[in-house]
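See below for the structure under consideration.
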Amino acid sequence: MLFRSYHGGRQANNPGVRGVASDLRASNQQKVTSFVDGMPILGNTGTLQFSGIDAVEVYRGPQSAAFGRATFAGAINYVTADAPDEFEGEFKAHLSEHGREEVGILLAGPLTDSLGYRISYVQNDWQGPDEWTATDGVQMGSEETEQVRLKLNFELSDTVYGDITFDRLETFDQGGASWEIGRASCRERV
């Protein structure tokens, strides 16, 4: 599995399996499609947060019969963790000298013998160095991510069980400065 990154940003990542990937951005023209618990991710997977992800399944293609179109080269399924049998909680905070700040909280456990929950919240911000400020005051090269994930597991009998999932991911990336050299400026002058 590989991820191609265009322009160095996480918004332009395209997954590939066995060396096959698409340069096209439209989700229906991808060669590899990503899923969370079997549901397709529309858009880019470069901003996906791994909080609450229990496993990553990579299926070599073609997988159109199992996962539908846009899985010619394969499919990637991110499996979220189920509610545990006992209460658990976690809080994390991470600060870096390079301007990255991350805060996360996880609460999980049983509500009844047949119903359990898992709630996680992650906020991750990164601001580029102060010298990456444009002349109009916009901070260049920053990334902001906020994700809330809620999963309810239920087991009413040996044959009736399932889960309900709510996942909200918001991202805002301000790209860094880039330069392009056009064909006209590369011509040799005589």
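The values are calculated or read from the model by the stated rules, or taken from the named source; none is laboratory data. Note that the structure is a prediction, hence the values are computed from the model and not measured. Because the Cβ atoms are built from the backbone with ideal geometry, glycine has one as well, and the counts that use them run over all protein chains shown. Heavy atoms of the whole protein, side chains included, go into the accessibility calculation; ligands, DNA and RNA do not. Shrake-Rupley method; radii C 1.70, N 1.55, O 1.52, S 1.80 Å.
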*Tally Lys and Arg at +1 and Asp and Glu at -1 over the other residues with C-beta under 13 Å from the C-beta of Thr80: what net charge comes out?*
-3
*Taking amide H positions as placed in the peptide plane 1.01 Å from N, state which residues far from Met140 in sequence (5 or more) or on other chains have amide H under 5 Å from it.*
Thr133, Ala134
*If you average over every viewing direction, what projected area does the convex hull of the Cα atoms of the range 94-153 give, in nm²?*
5.0 nm²
*Of the heavy-atom accessible surface of the range 54-181 (probe 1.4 angstrom), what whole percent is carbon and sulfur?*
53 percent
